[in-house]
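Asks: Sharing a structure, written as structure tokens. Questions coming.
Nothing in this text is a laboratory measurement; each read-out follows from the coordinates by a stated rule. Predicted, not measured: the structure shown is a model, and the values here were computed from it. Cβ atoms come from the backbone with ideal geometry, glycine included; neighbour counts cover every protein chain shown.
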Amino acid sequence: MMTKRENQQIEMHLITIEDLVPKDHLLRKVNDIIDFSFIYNEVENMYCHNNGRPSIDPVALIKFLLIGFLYGINSERRISEEIQVNMAYRWFLGLDIMDKVPDHSTISQNRRRRFNGSDLFRNIFQKIVSVCIEKGLADGKLVFTDSTHVKANASRKTEYIKQTEEATNVYLKELDQYEETVRAQLESEGKIKPIRCRKRKEKTEIISRRESRTDPESGFYKRKGKAEGMHYLSHETVDSKNGIIIDVAATAGNVPDSQPYIKRIDYIEKNLGLKIQEACADSGYDTNLINQQLSERGINFYTPERTEQKRGTTEFQRKDFQYDERDDRFICPEGKALPLHRLNRTINTVTKEYRCPKAECKDCSFRNRCIGEKGSDKRIQVNIFEDVVKKNHEKDGTERHTKVLLLRQIWSEGSFAAQKSRHNLEFLYRRGLEAAEQQCLLSSTALNLKRMIKAMA
């Protein structure tokens, strides 16, 4: 028998919105683990207390944005539409069934005007990370750092080549300091001749750079196997214990991964009170300076194994020369000494040059095997950071090294995959570095909330 259902859409029931939200709903769990009332203190100086129209509750404003990032809704207009019919969303915002939902334009204007230029989103992110630390969900003992490209809101049609003057970057300035320290030590020991005192000048060079007129703060991203174009980079550091993202920083897409790394490590230790014991990153971070600076901080560093590169075309290589540590010199297969001659500076590092006098090599029986027919004397270049780099890579292939690299794939690369597919990190909605960092922070906050809930279950 066919049954015809009567229209019950207008029947009245005595019910509250509390009854309509399942007890195990994600937003209930989020509300249970985080007390969002701290936001009032964060925004207090952004509001006028004695005039103007009543504002929308700032906690509700932030929760509005969080809904979008928790559920991968990439349009504020759509978030507003979803809240209209979703009882759980209303409950999370503190709205009753009949309460008016804030218009998407109001949310946008507050985000772009009231909160612009503030550290609000970073402070919210950091507050939630601090809660994770307090609950023992993150300890900073082992961290993974990587970056992912995020497509800028910029038209390819507006790209152009700009001739710009670029000052000496941070890496080279830090390299200068190490060079000066080593040089001063070698000169004081009488191992190398002092050079004439000269005032170091700030170096600039003219370079050609691709820029966008619609978003000039973005950078042209071009790496093998990746989509090229105007992008930003989200640099993230993840704690190994439960995959909590403990730090986020955004840069233009043309900034090398290694450039902000040490600064972010220092930021984590200073602002979160964590003492990092081990750090892991991909080969892009395996630079001389990073190896040295992490060693100075007492941090064990793990990167993928280095491929041995054969250098030089002659038969005799550096390994064929015996190093005399006492006199700081090399001894060649013929028994001739290569004393320390000078300190050399290259773009990426500083080397100690050991050289055999020309007269000693002129009639040497091993000449062709050592320096070739056209060579005048034998020179050996030794990287001043060599010992530290070598020590870090002594761990390559060990059980611990293998385990750490595997965890990096799970937590670091896994975080990016989750953020891009489910938490609005595939492309940027707005323009400018500040907007990019806000979006990266909110995406990471959403993922952290989910991982907190899972870890505490």
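Asks: Using 0.36 nm times the number of residues separating Ile331 and Glu399, minus their current alpha carbon distance, what extension gain do you get?
Replies: 20.8 nm is the gain from fully extending Ile331 to Glu399.
Asks: Right, next: Given the peptides 350-358, 364-372, 154-162, arrange them by the average over their residues of other C-beta atoms within 10 Å, most packed first. Walk me through the intermediate numbers first.
Replies: Values: 350-358: 18.2, 364-372: 15.8, 154-162: 12.8.
Most protected by this proxy first, the peptides run 350-358, 364-372, 154-162.
Asks: Could you sort 229-241, 403-415 so that the peptide with the highest average Cβ count within 10 Å comes first and the rest follow in order?
Replies: Peptide ranking by packing, descending: 229-241, 403-415.
Asks: Please give, to one decimal in nm, the separation of the simple spin-label points placed at Ile17 and Glu360, each 7 Å out from Cα toward the Cβ.
Replies: So the label points at Ile17 and Glu360 sit 8.4 nm apart.
Asks: Which FRET efficiency value, to the nearest 0.05, do you get for Arg369 and Arg306 by plugging their Cβ-Cβ distance into 1/(1 + (r/R0)^6) with R0 = 41 Å?
Replies: 0.95
Asks: Hey, what number do you get for the chain at 222 nm if only DSSP H runs of n ≥ 4 count, each worth -39500 (n - 2.57), divided across all residues, to the nearest 500?
Replies: -11000 deg cm²/dmol
Asks: Loop only per DSSP, at most 15 neighbouring Cβ atoms within 10 Å: give me the chymotrypsin sites (Phe, Trp or Tyr not before Pro) in the stretch 46-144, ordered by residue number.
Replies: Details: sites: Tyr47, Phe64, Phe69, Tyr71, Tyr89, Trp91, Phe92, Phe115, Phe121, Phe125, Phe144; in loops: Tyr47, Tyr71, Phe115.
Answer in residue order: Tyr47.
Asks: Go through Lys127/Lys270; Lys241/Lys263; Lys23/Lys127; Lys352/Lys390; Lys241/Lys454 and tell me which ones have a Cα-Cα distance over 18 Å in this structure.
Replies: On the way: Lys127/Lys270 14 Å; Lys241/Lys263 22 Å; Lys23/Lys127 26 Å; Lys352/Lys390 16 Å; Lys241/Lys454 12 Å.
Cα-Cα > 18 Å for Lys241/Lys263; Lys23/Lys127; rest within.
Asks: Stretched out fully, how many nm does the piece from Lys275 to Glu426 gain, at 0.36 nm a residue minus the Cα gap?
Replies: Full-extension gain reported as 51.2 nm.
Asks: Tell me, what ³J(HN,Hα) does each residue in the stretch 397-409 have, in order and in whole Hz, if you take phi through Karplus 6.51 cos²θ - 1.76 cosθ + 1.60 with θ = phi - 60° and put x for Gly and Pro?
Replies: Listing the rounded values in order: x, 6, 4, 5, 4, 4, 5, 5, 5, 5, 4, 4, 4 Hz.
Asks: Only Lys, Arg, Asp and Glu count, each charged at its Cβ (+1, +1, -1, -1), so figure out the dipole size of the stretch 17-118 about its Cα centre, rounded to 20 debye.
Replies: Computed about the Cα centre, the dipole is about 420 debye.
Asks: On to the next question. Just grab the label-to-label distance for Asn45 and Ala227, each label 7 Å out from Cα along the Cβ direction, in nm (one decimal).
Replies: Reported label-point gap for Asn45 and Ala227 is 3.9 nm.
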